[in-house]
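Peer 1: Here you go, one structure.
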Amino acid sequence: MKNLGKQKALEAIGVAGIIGSAIGLGAIGAKFLSRFVINKVSDHILNIITADNYNENLSETVTSVMRIGPQVVLETGLRSEAAKLIERPMGPTKKFPNLDDLKFNIAQINSLPTEVDTDIDFSITIGKYSKRPLEFEQFMMLAPMAYGVALSKPVKIALAKACADAGAVYHTGAGAAVLEVLDFSGSMIFMYDRGNWPKSLESMKKSQAVVIQLGQGAYGGVGYITQSNLISPELRKEFQIAKGQDLITYSRQPEVQNPEDLKNLVDKLRYINDGVPIGVKIAAGKYLEADLYWLCNSGVDFIVLDGAEAATKGSPPILQDDFGVPTIFAIDRAAKWMEKHGFKERISLIASGGIRTPGDALKVKALGADACQIGAIALIALSHNQIYKALPFEPPTSLTWYDEKHSNQFDIETGVKCLYNFFESCKLEMIEGIRALGKTSLSQVNRDDLMTINELFARGMDIPMVYDAFDPLVKEAPRLKRLKL
């Protein structure tokens with residue numbers, strides 16, 4: 001019996017070996033066959049591409065797309081498909097002159113770097129002469145992003161919680177009020193938007209600052225309408241609008257029909273909110289200094305300046321690509337004009353639009369900004385470790401936009417942790433940059449710390465080129481004399 005069992009076992013092993021070998025040989029055969037087929041097909045295609053005239057050649061598609069650009073080809077298709085306004089999400093795709101071409105000085109011996117154990121003062125005050133200044137210690141603030149017409153409620157809650165944990169300033173954005181955030185948000189800016197829906201007095205009174213929406217970089221001052229049939233009953237209730245009523249964002253702030261009206265609105269909001277800083281948000285245009293004149297003389301405590309790189313949930317590509325002043329020039333012009341006319345000490349300047357890294361943030365500080373706002377990059381950080389829920393068949397934004405396919409899969413606590421980490425990491429990098437400059441405070445960073453690799457910046461912003469020689473015998477003469485050198 002034992003021999004019989006042993007024989008059967010050996011037979012089974014033999015059969016298994018034969019099957020395994022067959023599978024192995026089959027796999028190897030399939031591999032070589034597939035390589036053979038792929039090789040033959042690719043050879044055939046290459047022969048056609050390299051032999052056919054251009055008017056018959058498939059590669060003409062590639063050269064056409066390269067010449068025209070993938071984005072233009074895509075949007076041409078969308079415009080050709082339907083005679084309606086297209087709206088591109090997440091801002092412009094064109095490359096504007098940007099902060100990448102600015103470089104910082106390095107403290108070595110002429111000026112010494114700051115010791116590693118030295119505390120760096122990162123305190124920031126917005127509206128320092130208001131009755132109740134806004135004080136915080138995160139240079140990056142959240143940009144306004146609306147609930148309902150853009151983000152989902154869980155995403156708004158996660159943004160508020162992360163900002164509170166990191167000590168960053170949260171922004172209500174336009175749109176319906178998310179009252180759930182009032183119990184746990186830290187410092188908060190309330191947006192006095194241009195919409196036809198009621199303003200949330202509860203949210204406004206619990207805010208530490210109010211900003212009047214006049215315009216934004218990705219939309220200028222253009223209004224837009226959300227048709228009533230596209231508004232869900234739940235959202236209609238939260239916006240507090242009647243059935244059949246459209247959601248309208250007016251092109252103009254309804255209470256500012258001429259420049260002189262702005263002061264009345266500023267005074268009204270300051271009274272309602274018992275002296276918190278009141279600001280205004282505008283897009284930077286050709287006549288920026290004329291706009292600043294009216295803003296600075298209206299009694300505002302701060303100005304949010306949106307450059308051409310700014311993003312939104314969706315706006316016409318023409319407004320994103322072909323309008324406005326890039327952030328780097330907008331902040332430079334605004335800071336210089338406000339300094340020249342005596343407003344810079346009293347009125348805070350907040351930069352917005354295309355600011356994505358700690359280096360970007362420190363550069364706009366050097367140009368004269370007192371703080372900056374981040375939007376698109378905050379959503380990317382917030383969605384970290386979750387975008388796989390949408391990919392590969394839906395865009396990552398379907399996780400964050402209101403009522404999109406994967407919005408119900410967004411996990412609040414995961415988002416809170418990731419955005420908190422981003423805020424803290426950026427702050428630590430900026431602190432290292434301040435030490436590298438040989439300074440001990442964020443407030444000490446200024447345009448003297450900058451140089452550029454872009455001659456356009458050198459001419460237009462009066463910033464030295466990296467190849468401009470610095471002669472210590474001329475520029476440091478008084479100091480060298482004291483040192484008897």
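The values are calculated or read from the model by the stated rules, or taken from the named source; none is laboratory data. Computed from a prediction, not measured in an experiment: that's the story for all the values here. All Cβ positions, even for glycine, are placed from backbone atoms using ideal geometry, and neighbour counts span all protein chains on display.
Peer 1: Determine, yes or no, whether Ala209 is crowded, with 18+ Cβ neighbours inside 10 Å and more than 24 Å from Lys263 (Cβ to Cβ). Steps first, answer last, please.
Peer 2: Numbers: crowded, with 18+ Cβ neighbours inside 10 Å: yes; more than 24 Å from Lys263 (Cβ to Cβ): no.
Considered against the rule, which asks whether it is crowded, with 18+ Cβ neighbours inside 10 Å and more than 24 Å from Lys263 (Cβ to Cβ), Ala209 comes out as no.
Peer 1: Further question: Out of Leu391, Leu442, Leu428, I need the residue that is surrounded by fewer than 15 Cβ atoms within 10 Å (Cβ to Cβ), out of contact with any strand residue (DSSP E or B) (no Cβ under 6 Å at 6 or more places or on another chain) and closer than 30 Å to Phe329 by Cβ. Which one?
Peer 2: The match here is Leu428.
Peer 1: Continuing with this model, one more query. Kindly indicate whether Gly415 is within 18 Å of Ile377 (Cβ to Cβ) and out of contact with any Asp or Glu (no Cβ under 9 Å at 6 or more places or on another chain).
Peer 2: Numbers: within 18 Å of Ile377 (Cβ to Cβ): yes; out of contact with any Asp or Glu (no Cβ under 9 Å at 6 or more places or on another chain): yes.
So Gly415 fits the description; yes.
Peer 1: Let me ask something else. Test each condition in (1) outside any strand (DSSP E or B); (2) of a type outside the set (Val, Ile, Thr); (3) over 18 Å from Ala376 (Cβ atoms) for Glu135 and report the one that comes out false.
Peer 2: Every listed condition holds for Glu135 apart from (1).
Peer 1: Do we find that Ile377 is in the same structural domain as Lys281 (by TED's automatic domain parsing), touching a residue at least 60 places away in the same chain (Cβ under 8 Å) and among the hydrophobic types (A, V, I, L, M, F, W, C) in this structure? Can you show your working first?
Peer 2: Numbers: in the same structural domain as Lys281 (by TED's automatic domain parsing): yes; touching a residue at least 60 places away in the same chain (Cβ under 8 Å): no; among the hydrophobic types (A, V, I, L, M, F, W, C): yes.
When the stated conditions are applied, Ile377 does not pass them.
Peer 1: Under 6 Å between Cβ atoms, at least 6 apart or on separate chains: pull out the pairs that start in the stretch 430-448 with a residue that is outside the structural domain of Val364 (by TED's automatic domain parsing) and end on any residue that is buried (at least 21 other Cβ atoms within 10 Å of the Cβ) and not in a helix (DSSP H, G or I).
Peer 2: Taking only residues 6 or more apart or on different chains, not a single pair turns up.
Peer 1: Here is a further query. Within the group Ile278, Ile225, which residue is loosely packed, with under 14 Cβ neighbours inside 10 Å and touching an Asp or Glu at 6+ places or on another chain (Cβ under 6 Å)? Reasoning before the result, please.
Peer 2: Working: Ile278 fails: loosely packed, with under 14 Cβ neighbours inside 10 Å.
Being loosely packed, with under 14 Cβ neighbours inside 10 Å and touching an Asp or Glu at 6+ places or on another chain (Cβ under 6 Å) holds for just one of Ile278, Ile225, which is Ile225.
Peer 1: Output the number of the condition that Ala469 fails; it satisfies all remaining conditions of (1) surrounded by 15 or more Cβ atoms within 10 Å (Cβ to Cβ); (2) of a type in the set (Gly, Ala, Ser); (3) outside the structural domain of Ala390 (by TED's automatic domain parsing).
Peer 2: Of (1) surrounded by 15 or more Cβ atoms within 10 Å (Cβ to Cβ); (2) of a type in the set (Gly, Ala, Ser); (3) outside the structural domain of Ala390 (by TED's automatic domain parsing), only one is false for Ala469: (1).
Peer 1: In the set Gly368, Gly353, which member is in contact (Cβ under 8 Å) with a residue 40 or more places away in the chain, of a type in the set (Gly, Ala, Ser) and closer than 18 Å to Val211 by Cβ? Full working, then the answer.
Peer 2: Working: Gly368 fails: closer than 18 Å to Val211 by Cβ.
When all the criteria are applied, what remains is Gly353.
Peer 1: Which one is nearest to Lys365 (Cα to Cα), of the residues in the stretch 74-116 that are in a helix (DSSP H, G or I) and touching a residue at least 60 places away in the same chain (Cβ under 8 Å)? Walk me through it before giving the result.
Peer 2: Our first condition is that a residue be in a helix (DSSP H, G or I); within the stretch 74-116, this holds for 74-81, 99-101.
Those left that are additionally touching a residue at least 60 places away in the same chain (Cβ under 8 Å): 75, 99, 101.
Details: Glu75: 36, Leu99: 12, Asp101: 15 Å.
Here the answer is Leu99.
Peer 1: Since Asp119 meets every condition but one in (1) surrounded by fewer than 15 Cβ atoms within 10 Å (Cβ to Cβ); (2) not in a loop (DSSP other than H, G, I, E, B), which condition does it not meet?
Peer 2: With respect to (1) surrounded by fewer than 15 Cβ atoms within 10 Å (Cβ to Cβ); (2) not in a loop (DSSP other than H, G, I, E, B), Asp119 is out only on (2).
Peer 1: Quick one: would you say Pro97 is surrounded by 12 or more Cβ atoms within 10 Å (Cβ to Cβ) and either modelled with pLDDT of 95 or more or over 22 Å from the mean Cα position of the chain (by Cα) (or both)? Spell out how you get there, then give the answer.
Peer 2: Values: surrounded by 12 or more Cβ atoms within 10 Å (Cβ to Cβ): yes; either modelled with pLDDT of 95 or more or over 22 Å from the mean Cα position of the chain (by Cα) (or both): no.
It is false that Pro97 is surrounded by 12 or more Cβ atoms within 10 Å (Cβ to Cβ) and either modelled with pLDDT of 95 or more or over 22 Å from the mean Cα position of the chain (by Cα) (or both).
Peer 1: Next up: Pick out, from the stretch 389-485, the helices (runs of 4 or more DSSP H) lying fully within it that include 2 or more residues that are at pLDDT 85 or above and out of contact with any helix residue (DSSP H, G or I) (no Cβ under 9 Å at 6 or more places or on another chain). Talk me through it step by step, then tell me what you get.
Peer 2: On the way: elements: 412-436, 455-461, 472-475, 477-482.
Answer list for the stretch 389-485: 412-436, 455-461.
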